[in-house]
């Protein structure tokens with residue numbers, strides 16, 4: 001699967017005919033969001049230990065979550081079955097689905113671990129168990145205008161590796177994962193390494 005960054009692209013909603021799918025996901029054009037970020041995760045905000053270097057430069061240059069998050073998102077409906085969601089995970093080769101309501105608001109996260117621990121291990125029938133029964137909630141989301149450093153601090157506070165990215169109306173526009181940030185740091189480290197070799 002090609003991962004897109006920058007300008008928004010459409011969303012993949014999985015199987016062609018899921019029950020009660022979220023509306024208006026495919027081909028949506030997204031506009032920049034001018035408002036400040038909003039934290040939906042409980043707890044106190046703390047500065048991320050050691051957040052310097054590339055992350056500090058990211059803040060100085062106003063690098064926001066929306067500029068590096070993945071805009072192709074695999075989603076699920078809370079009313080569809082776990083079996084349908086699991087088949088979508090296998091087909092799309094992803095371990096996480098963002099659960100949306102009919103207004104495209106993130107209301108939960110379903111992971112492959114949720115399927116194994118909360119369904120298979122408890123001997124529930126995946127063909128009759130709804131996604132809403134297994135999904136993790138509430139959702140810790142970040143605004144696409146939030147600085148990367150603040151998003152990392154929130155992820156650390158909430159102890160999550162990935163978060164939905166929302167616009168000013170709390171509607172899903174992407175997903176930010178720790179891997180995205182690591183990729184940014186690796187790119188920065190490579191640039192620093194090339195500069196050091198050039199100077200030597």
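Residues in the range 136-154 that are closer than 19 Å to residue 111 by Cβ, assigned to a loop (DSSP other than H, G, I, E, B) and either at pLDDT 95 or above or in contact with a helix residue (DSSP H, G or I) (Cβ under 7 Å, 6 or more places away or on another chain) (or both): 140 alone.
Residue 180 meets all of the listed conditions (1) touching a strand residue (DSSP E or B) at 6+ places or on another chain (Cβ under 7 Å); (2) surrounded by fewer than 16 Cβ atoms within 10 Å (Cβ to Cβ); (3) in a helix (DSSP H, G or I) but one, namely (2). Scan the range 155-169 for residues that are part of a loop (DSSP other than H, G, I, E, B) and touching a strand residue (DSSP E or B) at 6+ places or on another chain (Cβ under 8 Å) and jot them down. 161, 167, 168, listed by residue number.
Only residues that are modelled with pLDDT of 95 or more and over 14 Å from residue 141 (Cβ atoms) were counted in the range 93-109, giving 1.
Restricting to the range 89-104, give me the number of residues that are in contact with a strand residue (DSSP E or B) (Cβ under 7 Å, 6 or more places away or on another chain) and either part of a loop (DSSP other than H, G, I, E, B) or crowded, with 21+ Cβ neighbours inside 10 Å (or both). First the steps, then the outcome.
First pass over the range 89-104, keeping only residues in contact with a strand residue (DSSP E or B) (Cβ under 7 Å, 6 or more places away or on another chain): 89, 92, 94-101, 104.
Checking the rest, the ones that are also either part of a loop (DSSP other than H, G, I, E, B) or crowded, with 21+ Cβ neighbours inside 10 Å (or both) come to 94-95, 97-101, 104.
Adding up the residues that qualify gives 8.
Screening the range 110-128 for residues that are crowded, with 18+ Cβ neighbours inside 10 Å and in contact with a strand residue (DSSP E or B) (Cβ under 8 Å, 6 or more places away or on another chain) and picking the one that is farthest from residue 141 (Cα to Cα) gives 114.
Just one residue in the set 141, 136 is under 30 Å from residue 82 (Cα atoms), surrounded by fewer than 20 Cβ atoms within 10 Å (Cβ to Cβ) and touching a strand residue (DSSP E or B) at 6+ places or on another chain (Cβ under 7 Å); that residue is 136. Only one of these conditions is not met by residue 79: (1) at pLDDT 95 or above; (2) in a helix (DSSP H, G or I). Which number is it? Unmet for residue 79, out of (1) at pLDDT 95 or above; (2) in a helix (DSSP H, G or I): (2).
Looking only at the range 95-117, residues that are over 16 Å from residue 165 (Cβ atoms) and free of Cβ contacts under 8 Å to residues at least 60 places away in the same chain come to 9 in all.
The values are calculated or read from the model by the stated rules, or taken from the named source; none is laboratory data. Because the structure is a prediction, the values reported are computed rather than measured. Neighbour counts are summed over all protein chains in view; Cβ atoms, including those assigned to glycine, are modelled from backbone coordinates with ideal geometry.
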